[in-house]
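Asker: Mind looking over this structure? Questions follow.
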Amino acid sequence: MRRKLVAGNWKMNGSIAANATLIRGVLDGLGAPACDVAVCVPAPYLAQCQSLLAGSPVALGAQDVSMHESGAYTGEISAAMLLDFGCRFAIVGHSERRAYHGETSEGVARKAVAALKAGLTPIVCVGETLAEREAGRTNDVVGAQVDAVLAALDSDNACKIVIAYEPVWAIGTGKTATPAMAQEVHAMIRARLQAKNADAAATVRILYGGSMKPDNAAELLAMPDIDGGLIGGAALKAADFLAIVRAA
Ligand code: PGA
């Protein structure tokens, strides 16, 4: 049985004051969660959030990581640096980075490798645009994004990743994939993992992301291949984030 994971993706939101309020609100209402919980925060706030989360069940994550280990890469943040601040997770290949920062599936794979090498769990984001879905290309596009990462990993490391299926047309739009639509893509991703190796298919958690909120979380999370959520907007409100955690 895969333990579910609910991870917040704060994106470029927050401030020292707002982060403290949000994290205290989450920790106050959390109790002993039945799933794994994480928040992926903006890099400047890693130290602050590390100390706010110390001793709590909520893991810390970053929203990106460099594919390089160290050196002349101005502005980049290495996996070892994230580890220094207590990170357990790093999102890689979010669609906003693919779209606005020209990230390719090959680059995303290299970031996943760098994260794993340092001992971080990459949350590898994949997903199709509305045009791609309407053209009937969802499985081709998402399958190729998954395959690019799996091709870069040995069997052992393939078991250590998390995948987040985030249809681009559902992110921040209020439009959610129906549970059946999401399940279909998650099952396709699971089959790609199976083709790599059976252990990866059994152990890798595949999260759904894209306007997941308290009122649709339970039905999405009830699907057999949906192992949690990557939560954007609803992760910025403690009550909403907690309601999703409770649904998992
Ligand atoms: P959303 O974002 O929940 O605001 O749609 C999800 C994501 O982009 O990770």
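Asker: Out of V26, V58, V6, V37, which single residue is in contact with a strand residue (DSSP E or B) (Cβ under 7 Å, 6 or more places away or on another chain), modelled with pLDDT of 95 or more and closer than 21 Å to G127 by Cβ?
Answerer: Working: V26 fails: closer than 21 Å to G127 by Cβ; V58 fails: closer than 21 Å to G127 by Cβ; V37 fails: closer than 21 Å to G127 by Cβ.
After applying the criteria, what remains is V6.
Asker: One residue is enough: does the stretch 59-71 have a residue meeting the conditions of a type outside the set (V, I, T) and either in a helix (DSSP H, G or I) or without any contact (Cβ under 8 Å) to a residue 12 or more places away in the chain (or both)?
Answerer: Yes, the stretch 59-71 contains a residue that is of a type outside the set (V, I, T) and either in a helix (DSSP H, G or I) or without any contact (Cβ under 8 Å) to a residue 12 or more places away in the chain (or both).
Asker: Still on this structure, I have one more. So is E128 crowded, with 20+ Cβ neighbours inside 10 Å and either charged (D, E, K, R) or without any contact (Cβ under 8 Å) to a residue 60 or more places away in the chain (or both) or not?
Answerer: Details: crowded, with 20+ Cβ neighbours inside 10 Å: yes; either charged (D, E, K, R) or without any contact (Cβ under 8 Å) to a residue 60 or more places away in the chain (or both): yes.
Spelling it out, E128 is indeed crowded, with 20+ Cβ neighbours inside 10 Å and either charged (D, E, K, R) or without any contact (Cβ under 8 Å) to a residue 60 or more places away in the chain (or both).
Asker: Further question: Has the stretch 216-229 got any residue that is β-branched (V, I, T), surrounded by 22 or more Cβ atoms within 10 Å (Cβ to Cβ) and within 11 Å of the ligand (Cβ to nearest atom)?
Answerer: no
Asker: Being buried (at least 21 other Cβ atoms within 10 Å of the Cβ) and either of a type in the set (G, A, S) or over 26 Å from L242 (Cβ atoms) (or both): is that true of G210 here?
Answerer: For G210, the condition - buried (at least 21 other Cβ atoms within 10 Å of the Cβ) and either of a type in the set (G, A, S) or over 26 Å from L242 (Cβ atoms) (or both) - is met.
Asker: Of all residues in the stretch 14-49, which are more than 18 Å from the chain's Cα centre (by Cα) and under 19 Å from R3 (Cβ atoms)?
Answerer: V26, L30, G31, A32, P33, A34
Asker: To continue, here is another question. Being among the acidic types (D, E) and in a loop (DSSP other than H, G, I, E, B) is the filter; apply it to the stretch 137-169 and report the residue that is farthest from H94 (Cα to Cα).
Answerer: Checked the stretch 137-169; the qualifying residue farthest from H94 (Cα to Cα) is D154.
Asker: Scan the stretch 170-195 and report the pairs whose first residue is closer than 15 Å to D227 by Cβ and in a helix (DSSP H, G or I) and whose second residue is away from the ligand (no atom under 16 Å from the Cβ) and hydroxyl-bearing (S, T, Y), with Cβ atoms within less than 9 Å and a gap of 6+ or a chain change.
Answerer: Close Cβ pairs satisfying both conditions: V185/T138; M188/T138; L193/T203.
Asker: Condition check: more than 16 Å from the ligand (Cβ to nearest atom) and under 18 Å from the mean Cα position of the chain (by Cα). Does A177 satisfy that?
Answerer: No: the conditions fail for A177.
The values are calculated or read from the model by the stated rules, or taken from the named source; none is laboratory data. What you see is a predicted model, and the numbers here were worked out from it, not measured in a lab. So basically every Cβ, Gly included, is an ideal-geometry build from the backbone, and we count neighbours across all protein chains shown.
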